[in-house]
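Peer 1: Okay, handing you the structure first.
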Amino acid sequence: MRKESRSFVWLCLISSFVPLSGAKAQSPLTFRGHSGWISSLAYSPDGKRLASGSADKTVKIWTFPSGEELATLRGHTDYVSSVAISPDGKLLATGSFDKTAKLWHLAANDEKASLPGHRGAVTCVAFSPDGKTLATGSLDGAIKLWEVATGKEKRALMGHKTWVNAVIFSADGKFLASGSSDGSVKLWGTTNWTADVSLHVSTGEIRSVAFSPDGKTLAAGIRYGTVILWDVPSKKERATLKGHKSDVWSVAFFPDGKILASGDGDWDQPGEVILWDAATGRERGILKHTGEVLCLAVSPNGHSLAAGSWEKTIRVWDISVPSKK
């Protein structure tokens, strides 16, 4: 892998599972077809499709849970680094090392618009909850906001000193969070698009970010193996979760907000996904890996966890995560 791409590639191959108390986990399904590592995954809102972006410059659309390949989208001229599906399930957004983002019609599997403008690789894409705005982050340190209907750039958010590795909107649409290799997470208020606060870490670069479904907690995966949780209303750090042995490339909350998944990996070292109790910060389960962890996605119903791998495969686990009594 080229040096620059090494800093935001994402998730994994899993060989064994230490289940949550009372949880059930079956042998994973394996989706094969990409000829490059899997950089990003996204479920459709109805949970019936899974999109995967890859270093082979393509995006594949899979039926779920059968794993049948529905379509391969070609158009980018370099690695596809990020994918996202719109809230209504009609559009797919992609980001690439070719310095563009693209919008695609999912029903027809054709390109709707190309979004040029970044001076560096587009590392992350995210739809707003109303589906009207697309946010893109880049190695150029900028975040751009695009009007989805027209594909026009609305504004650029400047403030990070270097690579933007992750962007995500809160479910209520009030904030956009961005994580950067400058060691900060910024919370941008979507009313006036100013950075309300910068949350700094001293332990390493921010690799990934995720809001809890209620928007009250923000999780960040950090280089060198930690996950930090912030309380969004107070903007204060709530917990530092330690347990990973290498870079945390991906974090994802389950839909009920009670479980946080985080995945790690480092070159040829075995990686793992840790499942955390989001309230207490305690480990609830561990997914052992034989390869580097690069990306995670949790199905809308919370019953499946998908993982993309350096080994060019996607594995999906059927997991039941019971509520604590």
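Peer 1: From the list VAL59, VAL83, exactly one residue is within 24 Å of SER208 (Cα to Cα), out of contact with any Leu (no Cβ under 6 Å at 6 or more places or on another chain) and assigned to a strand (DSSP E or B). Which is it?
Peer 2: VAL83
Peer 1: Right, next: Among ALA71, ALA101, which is the only one that is more than 21 Å from GLU147 (Cα to Cα) and either surrounded by fewer than 20 Cβ atoms within 10 Å (Cβ to Cβ) or modelled with pLDDT of 95 or more (or both)?
Peer 2: Values: ALA101 fails: more than 21 Å from GLU147 (Cα to Cα).
Exactly one residue qualifies, and that residue is ALA71.
Peer 1: Pick from ALA93, ALA55: which is within 15 Å of VAL125 (Cα to Cα) and at pLDDT 95 or above? Can you show your working first?
Peer 2: On the way: ALA55 fails: within 15 Å of VAL125 (Cα to Cα).
Just one listed residue meets the conditions, ALA93.
Peer 1: Output the residue which, of all residues in the stretch 121-146 that are more than 18 Å from THR194 (Cβ to Cβ) and of a type outside the set (A, V, I, L, M, F, W, C), is most open to solvent (accessible area, probe 1.4 Å). Talk me through it step by step, then tell me what you get.
Peer 2: Taking the stretch 121-146 and keeping what is more than 18 Å from THR194 (Cβ to Cβ), we get 121-127, 129-132, 134, 136, 138-140, 146.
When the remaining residues are screened for being of a type outside the set (A, V, I, L, M, F, W, C), the result is 123, 129-132, 136, 138, 140.
Details: THR123: 1, PRO129: 57, ASP130: 100, GLY131: 20, LYS132: 139, THR136: 0, SER138: 0, ASP140: 32 Å².
Result: LYS132.
Residues checked against (1) in contact with a Gly (Cβ under 9 Å, 6 or more places away or on another chain); (2) part of a strand (DSSP E or B); (3) open to solvent by 60 Å² or more (accessible area, probe 1.4 Å); (4) over 21 Å from ILE85 (Cα atoms):
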site	(1), (2), (3), (4)
LYS161	yes, no, yes, yes
VAL167	yes, yes, no, no
LEU176	yes, yes, no, no
VAL185	yes, yes, no, yes
THR191	no, no, yes, yes
LEU199	no, yes, no, yes
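Peer 1: Still on this structure, I have one more. Residues of the stretch 203-245 being open to solvent by 20 Å² or more (accessible area, probe 1.4 Å), modelled with pLDDT of 95 or more and within 19 Å of HIS160 (Cα to Cα), which ones?
Peer 2: Passing the criteria: none in range.
Peer 1: Taking the stretch 90-130 on its own, how many of its residues are small (Gly, Ala, Ser) and within 17 Å of the chain's Cα centre (by Cα)?
Peer 2: 7
The values are calculated or read from the model by the stated rules, or taken from the named source; none is laboratory data. This structure is a prediction, so every number in the text was calculated from the model and none was measured. Cβ: placed from backbone, ideal geometry, glycine included. Neighbour counts: every protein chain shown. SASA here: full protein model, heavy atoms, side chains in, ligands and nucleic acids out. Shrake-Rupley method; radii C 1.70, N 1.55, O 1.52, S 1.80 Å.
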